[in-house]
1. Using Cα pairs closer than 8 Å and at least 6 residues apart in sequence, work out the relative contact order for segment 18-68, in percent.
2. Give me the distance in nm between label points sitting 7 Å out from Cα along the Cα-to-Cβ direction at residue 55 and residue 7, one decimal.
């Protein structure tokens with residue numbers, strides 16, 4: 001991962017084009033604070049259902065302590 005040029009995708013702006021991803025990449029790296037917030041739950045479900053590449057999860061978590069009780073993605 002070091003010395004690699006990474007693409008950045010904003011999942012709030014566009015849905016993931018899995019056909020493009022599978023054709024052009026060899027792995028997926030998901031990272032960013034707050035990715036356990038419920039607003040990202042659809043993303044995690046989509047990733048689990050559709051991604052056929054190896055996935056690295058890097059530095060995710062809740063953005064603040066207040067969200068922990070009611071707005072964290074549900075365990076499935």
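We did not get these values from a lab; they are worked out from the coordinates using the rules stated. None of these values were measured; they are calculated from a predicted model. No Cβ is skipped: glycine too gets one built from the backbone with ideal geometry, and neighbour counts run over all protein chains shown.
1. Details: 52 pairs, mean separation 27.0, N = 51.
Relative contact order of segment 18-68: 53 percent.
2. According to this spin-label approximation, the distance is 1.8 nm.
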